[in-house]
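Undergrad: The structure that follows is given in the form of structure tokens.
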Amino acid sequence: MILNYINWNTDPEILNLFGFSLRYYGILFASGLIFCIYILKWIFNREKIPSHNIDKLSIYAMIGIVAGARLGHCLFYEPSYYLSHPLEIILPITFSPVGIKFTGYQGLASHGGVLGLLIALFFYSRKTKHSIIDTIDLIAVVAGLSFGFIRLGNFMNSEIIGIPTTKPWGVIFERVDNIPRHPAQLYEAISYFIIFAIMITLYKIMRDRLKNGFFFGLGSLLFFTARFMIEFVKEDQVGFEDGMVFNMGQLLSLPYIVVGIGFILFGLWKTKKLSA
């Protein structure tokens, strides 16, 4: 039986002008955030939250996500390298014997991005007096859209690849090797888009009964359960994960899953108590 695998060899760089690289990943990352902000504007209007809050939220969230995702990757996955090259943590460049090369921020960890976002929202809440529980609930409704776009960016980069497979939908990432592999990035992207559809539907039809952290809890449970399961068909990202029962992505997902269950239970209990 001859299997027709998908051959993938797209250049992740769209163009390069005077050393500045425009890449699919950056465009998809930004597009996901823009779409989320657009939907959040509709949600804020529906919730009768001051419209200027969305502008403040956008700034705080952008800084928190990027800073947290970058630090998360550097400290969780490659601490020895980045602690000896600290400037490369904050600058989109690498230093080498032949000079300085613009690379963009290659290395962002979703677990760190979520943690950075939560920290940023604490300061946003203090600034605007908008309840942090309510804020994270509303962001959780749209977060899957952003997560999905980021994984599409990983696919364009031929990174975060899956383990070898004989499935007919296997992808040969020619920039890596000539082995058909699980398109793990697409598995995640599809999962996150489905979760987004579930969350926005629940918000529309059951918002009066689902509050006080429920959406944040449900999002954490669904996103990181999906991440935990898909990690089984991913290649390990760094060498020290070899031989581990659960890799770093799975270990970092477990606390979010536990916290998610806690917030679901708390949200249901709190809402029932307030409506009694």
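Undergrad: From Gly217, Gly262, Gly213, grab the single residue that is of a type outside the set (Val, Ile, Thr) and modelled with pLDDT under 95.
TA: Values: Gly217 fails: modelled with pLDDT under 95; Gly262 fails: modelled with pLDDT under 95.
Step by step, each of Gly217, Gly262, Gly213 is checked, and only Gly213 is of a type outside the set (Val, Ile, Thr) and modelled with pLDDT under 95.
Undergrad: I've got another one for you. Considering only residues that are open to solvent by less than 10 Å² (accessible area, probe 1.4 Å) and within 24 Å of Gly112 (Cα to Cα), which ones fall in the range 202-219?
TA: Of everything in the range 202-219, those that are open to solvent by less than 10 Å² (accessible area, probe 1.4 Å) and within 24 Å of Gly112 (Cα to Cα) turn out to be Gly213, Phe215, Gly217, Gly219.
Undergrad: Sticking with this structure for a sec: Looking at Asn212, Asn178, which one is in contact with a helix residue (DSSP H, G or I) (Cβ under 9 Å, 6 or more places away or on another chain) and assigned to a loop (DSSP other than H, G, I, E, B)? Before you say what the answer is, go through the steps one by one.
TA: Values: Asn178 fails: in contact with a helix residue (DSSP H, G or I) (Cβ under 9 Å, 6 or more places away or on another chain).
Step by step, each of Asn212, Asn178 is checked, and only Asn212 is in contact with a helix residue (DSSP H, G or I) (Cβ under 9 Å, 6 or more places away or on another chain) and assigned to a loop (DSSP other than H, G, I, E, B).
Undergrad: Looking at the range 47-62, I want the residues that are over 14 Å from Leu121 (Cβ atoms) and have a partner that is open to solvent by 70 Å² or more (accessible area, probe 1.4 Å) with Cβ atoms under 8 Å, at least 6 apart or on another chain. Which pairs are those?
TA: Correct list of pairs: Ser51/Lys41; Ser51/Asn45.
Undergrad: Only one of Leu145, Leu121 is open to solvent by 20 Å² or more (accessible area, probe 1.4 Å) and assigned to a helix (DSSP H, G or I). Can you tell me which? Talk me through it step by step, then tell me what you get.
TA: Working: Leu121 fails: open to solvent by 20 Å² or more (accessible area, probe 1.4 Å).
Just a single option satisfies the conditions, and that option is Leu145.
Undergrad: Looking only at residues that are closer than 30 Å to Leu274 by Cα and open to solvent by 40 Å² or more (accessible area, probe 1.4 Å) in the range 171-201, which one is farthest from the chain's Cα centre (by Cα)? So that I can check it myself, show each step before the final result.
TA: If we filter the range 171-201 for residues that are closer than 30 Å to Leu274 by Cα, which is where we start, we get 195-201.
Then drop every residue that is not open to solvent by 40 Å² or more (accessible area, probe 1.4 Å), which leaves 197-198, 201.
Values: Ala197: 16, Ile198: 17, Thr201: 21 Å.
Top of the filtered list is Thr201.
Undergrad: Out of the residues in the range 1-26 that are open to solvent by less than 70 Å² (accessible area, probe 1.4 Å) and part of a helix (DSSP H, G or I), which is nearest to Thr166 (Cα to Cα)?
TA: Taking the candidates together, the pick is Tyr25.
Undergrad: Restricted to the range 15-40, and to residues that are closer than 26 Å to Gly170 by Cβ and in contact with a strand residue (DSSP E or B) (Cβ under 7 Å, 6 or more places away or on another chain), which residue is modelled with the lowest pLDDT?
TA: Arg23
Undergrad: Look at Ile139 and say whether it is more than 21 Å from Gly32 (Cα to Cα) and touching a residue at least 60 places away in the same chain (Cβ under 8 Å).
TA: Numbers: more than 21 Å from Gly32 (Cα to Cα): no; touching a residue at least 60 places away in the same chain (Cβ under 8 Å): yes.
For Ile139, the condition - more than 21 Å from Gly32 (Cα to Cα) and touching a residue at least 60 places away in the same chain (Cβ under 8 Å) - is not met.
Undergrad: I'd like the residue in the range 45-80 that is surrounded by 12 or more Cβ atoms within 10 Å (Cβ to Cβ) and hydroxyl-bearing (Ser, Thr, Tyr) and, out of all such residues, is modelled with the lowest pLDDT.
TA: So, considering only residues that are surrounded by 12 or more Cβ atoms within 10 Å (Cβ to Cβ) and hydroxyl-bearing (Ser, Thr, Tyr), the one modelled with the lowest pLDDT is Tyr77.
Undergrad: Residue pairs, Cβ under 8 Å, 6 or more apart or interchain, first in the range 254-271 and buried (at least 20 other Cβ atoms within 10 Å of the Cβ), second of a type in the set (S, T, N, Q) and in a helix (DSSP H, G or I). List them.
TA: From the range 254-271, the pairs are Tyr256/Ser220; Gly260/Ser220; Phe263/Ser220.
Undergrad: Does the range 220-253 hold any residues that are aliphatic (A, V, I, L, M) and surrounded by 18 or more Cβ atoms within 10 Å (Cβ to Cβ), and which are they? Walk me through it before giving the result.
TA: Kept after step one, since they are aliphatic (A, V, I, L, M), are these residues of the range 220-253: 221-222, 226, 229-230, 233, 238, 244-245, 248, 251-252.
Leu221, Leu222, Ala226, Ile230, Met248, Leu252, listed by residue number.
The values are calculated or read from the model by the stated rules, or taken from the named source; none is laboratory data. Because the structure is predicted, anything quoted here is derived from the model rather than measured. Quick reminder, even Gly has a Cβ in these numbers, built from the backbone with ideal geometry, and neighbours come from all protein chains shown. All accessible areas refer to the heavy atoms of the entire protein, side chains included, with ligands and DNA or RNA removed. Shrake-Rupley method; radii C 1.70, N 1.55, O 1.52, S 1.80 Å.
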